[in-house]
Ligand SMILES: [Cu+2]
């Protein structure tokens, strides 16, 4: 009898543990700023672009204001990059940077990988994916001047 109740007791604790993990893990994951790589005060991106199995950036173009951040998520099973660097483009038509804007490159993004970039210089940015530039995997970010307060 006492053995039986001990087993039930252990199971009770186990289920309690599972229940708590089930409640805690989503809470931790949904906490703003959790798993944010940089040390700057975390905030939601102003635009999110998904890298797809169809070799596209979705959406193709996003519009933000100067000072805002775009986040790219690799939602595919492929390795992609987010690259706006004239030195890395095979074709000049795939890259455009406003005057004074610095080139940027995510490097290889594994499936599930995330890259973000803060845009400070207004203008039109055209960027591409290094492995899939030949398949016209390109995207556009339009940065409008910062809003006046
Ligand atoms: Cu790609």
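Computed from the coordinates by the stated procedures, all read-outs in this text should not be read as laboratory data. These numbers come from a predicted model, not from an experiment. All Cβ positions, even for glycine, are placed from backbone atoms using ideal geometry, and neighbour counts span all protein chains on display.
In which sequence would 62, 82, 114 go, from the one with the fewest C-beta neighbours within 10 Å to the one with the most?
The order, fewest Cβ neighbours first, is 114, 62, 82.
Once you sort the root eigenvalues of the Cα gyration tensor of region 42-92 as a ≥ b ≥ c, which label holds: rounded (a/c under 1.5), prolate (a/b larger than b/c) or oblate (the other case)? List each step's numbers first, then the result.
Details: a/c = 2.02, a/b = 1.23, b/c = 1.64.
Note, shape of region 42-92 comes out oblate.
Taking 41 Å as R0, compute the FRET efficiency from the Cβ-Cβ separation of residue 91 and residue 48 and round it to 0.05.
For R0 = 41 Å, the calculated efficiency reads 0.95.
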